Amino acid sequence: MTWLKDVVGTEKAIIAMCHLLPLPGDPYFNKEKGMEYVVEMARKDLQALQEGGVDAVMFSNEFSMPYLTDVKTETVAAMARIIGELMSEINVPFGVNVLWDAQKSLDLAAATGAKFVREIFTGVYASDFGTWNTNVGETIRHQYRIGAENVKLLFNIVPEAAKYLADRDLESIAKSTVFNNRPDALCVSGLTAGAQTDKNLLRKVKNQATETVVFANTGVTMNNFEEQLSIADGAVVGTAFKYDGKFENHVDPKRVKEFMDKVKAFRNEKLF
């Protein structure tokens with residue numbers, strides 16, 4: 001049994017993404033509709049996800065494109081406002097992800113009471129948004145300084161739209177990440193949001209991290225969830241829950257319910 005049972009309520013958990021629209025300071029923020037519209041759309045997606053039966057929700061500034069690795073204060077403030085306004089309506093465990101800034105993600109978690117964060121905590125990368133460095137030692141010390149030591153850390157070890165500068169295979173990365181950093185979970189991703197996680201990579205990571213939770217982080221759908229969850233301990237799902245399965249759309253409650261009904265039947269068969 002993993003920490004998922006205690007924190008999220010089940011093994012083979014499905015963490016659903018609540019993607020926030022562009023925020024103040026983002027290039028595509030809708031100034032005419034303002035923050036009230038962003039909050040209302042987040043509320044609509046949250047309700048659809050919860051009514052569909054997801055196990056947990058993760059709020060992220062998914063449409064703050066192009067992304068920053070040193071996120072501005074106004075972004076974190078806007079995300080805190082949104083979560084604060086929705087707090088009384090959140091009835092499942094939730095996490096946060098401030099793309100792509102590990103320390104700001106922890107700041108937001110501490111402010112809102114989030115149970116987990118997902119981020120790039122380790123490695124150096126060549127990415128679509130330049131050379132991308134991390135400092136996991138400082139990030140973990142920051143976590144403890146701000147009183148967020150109980151927040152679970154989901155390490156994304158296959159960052160989207162980026163490649164490790166070091167010539168290392170994923171198995172060795174998984175092994176050394178677990179040894180050096182004691183992550184609560186490892187997330188294995190495809191190239192972009194909605195891109196299927198390679199099952200062979202997923203299996204290699206799980207074989208190296210047998211005592212660590214491993215998530216399929218992108219591209220889990222109704223067509224492949226059994227295959228993915230047969231290897232992984234859980235999945236982070238965003239695009240598959242949206243109208244027509246398109247990243248840019250809002251959440252379709254019918255798709256969520258159909259997906260989760262199938263996952264729960266699968267879990268009942270495998271776990272009980």
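Within the range 99-113, the set of residues being touching a helix residue (DSSP H, G or I) at 6+ places or on another chain (Cβ under 7 Å) and within 18 Å of Glu85 (Cα to Cα) comprises Asp107, Leu108, Ala111, Thr112. The combined condition, being in a loop (DSSP other than H, G, I, E, B), closer than 21 Å to Glu211 by Cβ and over 15 Å from the mean Cα position of the chain (by Cα), is not fulfilled by Glu171.
In the range 252-264, the residues that are modelled with pLDDT of 95 or more form Cβ pairs under 7 Å with partners that are open to solvent by 20 Å² or more (accessible area, probe 1.4 Å) and in a helix (DSSP H, G or I), at six or more places apart or across chains, as follows: Asp252/Tyr243; Pro253/Glu51.
For Gly84, the conditions (1) more than 18 Å from Asn249 (Cα to Cα); (2) part of a loop (DSSP other than H, G, I, E, B) all hold with the exception of (2). Consider the range 62-81 and keep the residues that are in contact with a helix residue (DSSP H, G or I) (Cβ under 8 Å, 6 or more places away or on another chain), part of a helix (DSSP H, G or I) and among the hydrophobic types (A, V, I, L, M, F, W, C). The one that is surrounded by the fewest Cβ atoms within 10 Å (Cβ to Cβ) is Ala80. Being modelled with pLDDT of 95 or more and touching a Pro at 6+ places or on another chain (Cβ under 6 Å) is a property that holds for Val8.
Residue-level analysis places Thr2 outside the set of residues that are within 22 Å of Asn133 (Cα to Cα) and in contact (Cβ under 8 Å) with a residue 40 or more places away in the chain.
The values are calculated or read from the model by the stated rules, or taken from the named source; none is laboratory data. Predicted, not measured: the structure shown is a model, and the values here were computed from it. Note: ideal-geometry Cβ built from the backbone for every residue, glycine included; neighbour counts use all protein chains shown. Calculation scope for accessible area: heavy atoms of the full protein, side chains included, ligands and nucleic acids excluded. Shrake-Rupley method; radii C 1.70, N 1.55, O 1.52, S 1.80 Å.
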